[in-house]
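Trainee: Would you mind keeping the following structure in view while I ask a few things?
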Amino acid sequence: MNFLFELTYQLSSDDNDQHEIVERLGEEGCTDALVGIGHPGRVALEFIRHADNAFAAMTSALADVRRAIPTAVLIEVRPDLVGLTDIAEFAEVSRQNMRKLAYNNAETFPVPVHAGSTTLWHLDDVLRWMMPRGTYPIEPGTLEVASIAKQLNFAIQARQIEPELFRQVQALLA
């Protein structure tokens with residue numbers, strides 16, 4: 001099965017030759033990725049990777065990128081955080097329909113992770129809520145990719161927690 005996902009990395013100052021980066025990525029097996037190098041100091045790779053499952057697809061891509069650009073730091077995995085427009089696209093409904101669905105089901109609709117000028121949800125949470133409630137034509141593997149992307153992003157964020165704070169919070173959650 002093919003899995004669609006995106007990996008975004010922060011590059012080190014040593015990795016400033018964009019053409020060399022693209023070459024190295026190709027040599028290490030990232031020929032199934034569209035490489036975005038427009039943002040200085042970053043590289044985004046949109047993969048369509050064939051594997052038995054999403055975890056295998058995503059971890060093999062992570063390993064390939066690690067070999068190609070060992071100093072790059074993973075900063076985000078997508079799809080994960082999404083707005084209503086994004087959710088509507090995944091479910092192939094209009095934004096207005098998605099807004100109405102969320103509004104009319106406010107008691108059970110997933111709680112957003114950010115509710116500011118732009119409201120964001122984890123795609124995994126919303127898809128898990130939507131799937132038993134309708135016949136939305138969600139692409140096969142999308143839920144699996146969204147679930148793993150969410151977990152990888154949690155791991156990325158966890159790297160930034162101060163060890164003492166992490167220990168204290170763990171004690172409170174136990």
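The values are calculated or read from the model by the stated rules, or taken from the named source; none is laboratory data. Note that the coordinates shown come from a computational prediction; the quantities given were computed from them, not determined experimentally. A quick note on method: Cβ atoms are made from the backbone with ideal geometry, for glycine too, and the neighbour counts reach across all protein chains shown.
Trainee: Return the pairs, sorted by first residue and then second, in which the second residue is surrounded by 14 or more Cβ atoms within 10 Å (Cβ to Cβ) and of a type in the set (D, E), the first residue lies in the stretch 15-31 and is under 12 Å from V65 (Cβ atoms), the beta carbons are less than 8 Å apart, and the residues are 6+ apart or on different chains.
Mentor: Cβ pairs passing all conditions: I21/D15; L25/D64; E28/D64; G29/D64; C30/D64.
Trainee: Would you point out which residue out of T59, T85 is over 15 Å from A149 (Cα atoms) and of a type in the set (S, T, N, Q)? Spell out how you get there, then give the answer.
Mentor: Numbers: T59 fails: over 15 Å from A149 (Cα atoms).
The unique qualifying residue is T85.
Trainee: Are any residues in the stretch 104-129 among the acidic types (D, E) and touching a Lys or Arg at 6+ places or on another chain (Cβ under 7 Å), and if so, which ones? First the steps, then the outcome.
Mentor: To start, the set of residues in the stretch 104-129 that are among the acidic types (D, E) comprises 107, 124-125.
The answer is D124, and nothing else.
Trainee: Hey, another quick one. Here are A115, A63: which of them is among the hydrophobic types (A, V, I, L, M, F, W, C), outside the structural domain of L11 (by TED's automatic domain parsing) and either surrounded by fewer than 18 Cβ atoms within 10 Å (Cβ to Cβ) or more than 30 Å from Q10 (Cβ to Cβ) (or both)? So that I can check it myself, show each step before the final result.
Mentor: Numbers: A63 fails: outside the structural domain of L11 (by TED's automatic domain parsing).
Only one candidate passes the filter, namely A115.
Trainee: Select from the stretch 130-174 the residues that are of a type in the set (S, T, Y) and at pLDDT below 90 and write down the one among them that is farthest from L74 (Cα to Cα).
Mentor: Looking only at the stretch 130-174, we keep the residues that are of a type in the set (S, T, Y), and these are 135-136, 142, 147.
From the residues that got through so far, the ones that are at pLDDT below 90 too are 135-136.
Numbers: T135: 35, Y136: 32 Å.
Per the stated criteria, the residue is T135.
Trainee: Is it true that F47 is closer than 27 Å to A158 by Cβ and in a strand (DSSP E or B)?
Mentor: On the way: closer than 27 Å to A158 by Cβ: yes; in a strand (DSSP E or B): yes.
It is true that F47 is closer than 27 Å to A158 by Cβ and in a strand (DSSP E or B).
Trainee: Still on this structure: From the list L127, L74, which residue is surrounded by 14 or more Cβ atoms within 10 Å (Cβ to Cβ), assigned by TED's automatic domain parsing to the domain that holds R24 and either under 15 Å from the mean Cα position of the chain (by Cα) or touching a residue at least 40 places away in the same chain (Cβ under 8 Å) (or both)?
Mentor: Numbers: L127 fails: assigned by TED's automatic domain parsing to the domain that holds R24.
Testing whether each residue is surrounded by 14 or more Cβ atoms within 10 Å (Cβ to Cβ), assigned by TED's automatic domain parsing to the domain that holds R24 and either under 15 Å from the mean Cα position of the chain (by Cα) or touching a residue at least 40 places away in the same chain (Cβ under 8 Å) (or both) leaves just L74.
Trainee: Got at least one residue in the stretch 86-101 being closer than 29 Å to L11 by Cβ, within 13 Å of the chain's Cα centre (by Cα) and not assigned by TED's automatic domain parsing to the domain that holds Y9?
Mentor: Within the stretch 86-101, one or more residues are closer than 29 Å to L11 by Cβ, within 13 Å of the chain's Cα centre (by Cα) and not assigned by TED's automatic domain parsing to the domain that holds Y9.
Trainee: I need the full set of residues from the stretch 7-17 which are under 13 Å from H39 (Cβ atoms), under 15 Å from the mean Cα position of the chain (by Cα) and crowded, with 19+ Cβ neighbours inside 10 Å, in order please.
Mentor: Result: Y9, single match.
Trainee: Does S94 satisfy being over 16 Å from A146 (Cα atoms) and free of Cβ contacts under 8 Å to residues at least 12 places away in the same chain?
Mentor: Working: over 16 Å from A146 (Cα atoms): yes; free of Cβ contacts under 8 Å to residues at least 12 places away in the same chain: yes.
Yes; evaluated as a whole, the condition is true for this residue.
Trainee: Of all the residues that make up the stretch 21-35, how many are out of contact with any strand residue (DSSP E or B) (no Cβ under 7 Å at 6 or more places or on another chain) and either within 15 Å of M58 (Cα to Cα) or in a strand (DSSP E or B) (or both)? Please lay out each step first, then the result.
Mentor: Pass one, the stretch 21-35, residues out of contact with any strand residue (DSSP E or B) (no Cβ under 7 Å at 6 or more places or on another chain): 23-24, 26-29, 31.
Subsequent filtering for residues that are either within 15 Å of M58 (Cα to Cα) or in a strand (DSSP E or B) (or both) retains 28-29, 31.
Residues in the stretch 21-35 being out of contact with any strand residue (DSSP E or B) (no Cβ under 7 Å at 6 or more places or on another chain) and either within 15 Å of M58 (Cα to Cα) or in a strand (DSSP E or B) (or both): 3 in total.
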